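Before any comments, here is the structure.
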Amino acid sequence: MDLTEGSIIEKTGRAKKMMLWFGIVSLLMTFAGWTSAYIVSSTREDWLTDFQLPTTFFISTGVLILSSLTFILAKKAMQGNKSSLCTGFLMATLALGITFIILQFSGFSQIVARGFYFTGESSSVTTSYIYLIAMVHIVHVVAGLIALIVVIVNQLRGKYSPENLLGIELGATFWHFLDLLWVYLILFFYFYK
């Protein structure tokens with residue numbers, strides 16, 4: 001099908017999806033740059049080769065994966081015209097997203113308890129990178145939560161149906177991207193020392 005064909009609604013949907021993918025690609029490039037800088041910096045003499053990630057970072061990873069599952073279930077519920085079930089799964093996704101952020105800050109507290117700060121005398125280049133990359137990811141999760149709240153509000157207003165899932169699809173795509181990005185980051189930090 002020619003991309004110029006279709007109704008205004010279809011064209012608008014394609015344009016919104018394309019813009020989302022442009023944003024995702026730019027975020028991927030940003031995080032690729034930071035993880036590359038992490039690799040380059042690991043050759044420094046003051047690099048911590050024995051640093052262990054906080055346990056709560058791994059727990060938060062499980063929470064974020066579960067939140068992607070609840071978002072998938074929300075979309076499936078709407079496809080099956082089960083609006084209230086969709087709302088419940090969207091709310092569960094929101095709660096899990098907030099839990100992820102709380103667990104991330106708990107992980108930062110564990111790093112500080114070990115004596116490593118973001119900057120200053122008690123910092124290390126290793127933990128500074130971990131703080132920076134994890135905090136920027138949290139900022140994007142907050143953006144994802146805002147998008148999710150918009151989806152929930154639209155869902156409560158009855159704007160979605162089995163035939164009109166665009167908002168849910170856009171929100172889910174961004175949310176799953178954030179999930180996969182964190183899984184990549186946690187695996188990167190765990191295996192690359």
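The values are calculated or read from the model by the stated rules, or taken from the named source; none is laboratory data. Predicted model only: the values in this text are computed from it and were never measured. All Cβ positions, glycine included, derive from the backbone under ideal geometry; neighbour counts span all protein chains shown.
Before moving on, here are some points about what is shown:
- Residue count for segment 114-157, restricted to those that are more than 21 Å from the chain's Cα centre (by Cα), farther than 28 Å from T43 by Cβ and either free of Cβ contacts under 8 Å to residues at least 12 places away in the same chain or not in a helix (DSSP H, G or I) (or both): 1.
- Every test in (1) farther than 30 Å from T12 by Cα; (2) at pLDDT 95 or above is passed by V125 save one, and that test is (2).
- In segment 32-53, the residues that are over 18 Å from M135 (Cβ atoms) reach residues that are of a type in the set (A, V, I, L, M, F, W, C) and surrounded by 11 or more Cβ atoms within 10 Å (Cβ to Cβ) with C-beta atoms within less than 8 angstrom, at least six apart or across chains, in these pairs: R44/V125; D46/V125; W47/V125.
- K82 being in contact with a Cys (Cβ under 8 Å, 6 or more places away or on another chain) and either at pLDDT 95 or above or of a type outside the set (D, E, K, R) (or both): no
- Selection from segment 30-50 of residues that are at pLDDT 90 or above and of a type in the set (A, V, I, L, M, F, W, C): F31, A32, W34, A37, I39, V40
- Test for F118: is it modelled with pLDDT of 95 or more and farther than 13 Å from F51 by Cα: no
- Of residues in segment 158-174 being part of a loop (DSSP other than H, G, I, E, B) and either closer than 23 Å to G62 by Cβ or in contact (Cβ under 8 Å) with a residue 60 or more places away in the chain (or both), the one nearest to the chain's Cα centre (by Cα): L165
- Checked against the criterion of being farther than 21 Å from L69 by Cβ and either modelled with pLDDT of 95 or more or over 14 Å from the mean Cα position of the chain (by Cα) (or both), the candidates F177, F191 yield just one match: F191.
- Of the residues F31, F51, the single one that is under 28 Å from F116 (Cα atoms), among the aromatic types (F, W, Y) and within 16 Å of the chain's Cα centre (by Cα) is F31.
- Residue among T119, T126 that is of a type outside the set (G, A, S) and surrounded by 15 or more Cβ atoms within 10 Å (Cβ to Cβ): T126
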